[in-house]
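Here the structure comes first, spelled out in structure tokens, and everything after it is commentary.
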Amino acid sequence: MGFEQYHEPADELPSETRTFARMIVSLSEEAEAINWYEQRIAVEKDKSARAIMQDAQKEEFKHFAMDLEWLLRAKPLWREIAQGVLFTKGDITKLGDQSEEAAD
Ligand SMILES: [Fe+2]
């Protein structure tokens with residue numbers, strides 16, 4: 001594991017951009033952990049082991065949400081577009097298109 005989150009020379013990136021990159025990687029890792037637990041839970045036969053995995057996955061939901069909120073605070077345009085999609089009802093694709101179009 002190295003510095004794969006950077007697509008530009010790290011020493012040329014401002015500190016805020018490096019922090020942003022770390023949080024993006026963290027968000028991705030939390031999503032990956034949620035996925036791993038989802039799969040483990042699906043195949044685990046032992047009820048008490050499954051309960052522990054469900055508890056762990058719940059914690060990953062929190063981590064993902066905190067990372068996402070940090071990123072949305074850091075990028076107001078992202079927040080604006082996300083607000084048109086997240087926690088809504090209706091056609092997700094349509095909401096996404098409308099939200100992107102309305103954002104400035
Ligand atoms: Fe986590």
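The values are calculated or read from the model by the stated rules, or taken from the named source; none is laboratory data. All values derive from a computational prediction rather than experimental measurement. For neighbour counting, all protein chains shown are included, and Cβ atoms are generated from backbone atoms with ideal geometry for every residue, glycine included.
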Residue match in the range 5-12 (condition: surrounded by 14 or more Cβ atoms within 10 Å (Cβ to Cβ), free of Cβ contacts under 8 Å to residues at least 60 places away in the same chain and closer than 29 Å to LYS75 by Cβ): yes
Scope the range 28-73; condition small (Gly, Ala, Ser) and touching a residue at least 12 places away in the same chain (Cβ under 8 Å); matching residues: ALA31, ALA33, ALA56
Of the criteria (1) more than 14 Å from the ligand (Cβ to nearest atom); (2) under 13 Å from the mean Cα position of the chain (by Cα); (3) of a type in the set (Ser, Thr, Tyr), which one SER48 fails: (2)
Qualifying positions in the range 2-57 - at pLDDT 95 or above, hydroxyl-bearing (Ser, Thr, Tyr) and under 24 Å from TRP70 (Cα atoms): SER15, THR17, THR19, SER26, SER28, TYR37
Any hit, the range 75-85, residues being within 16 Å of the ligand (Cβ to nearest atom), touching a residue at least 24 places away in the same chain (Cβ under 8 Å) and either within 14 Å of the chain's Cα centre (by Cα) or surrounded by 11 or more Cβ atoms within 10 Å (Cβ to Cβ) (or both): no
Some residue of the range 52-70 being more than 14 Å from the ligand (Cβ to nearest atom) and over 28 Å from GLU100 (Cα atoms): yes
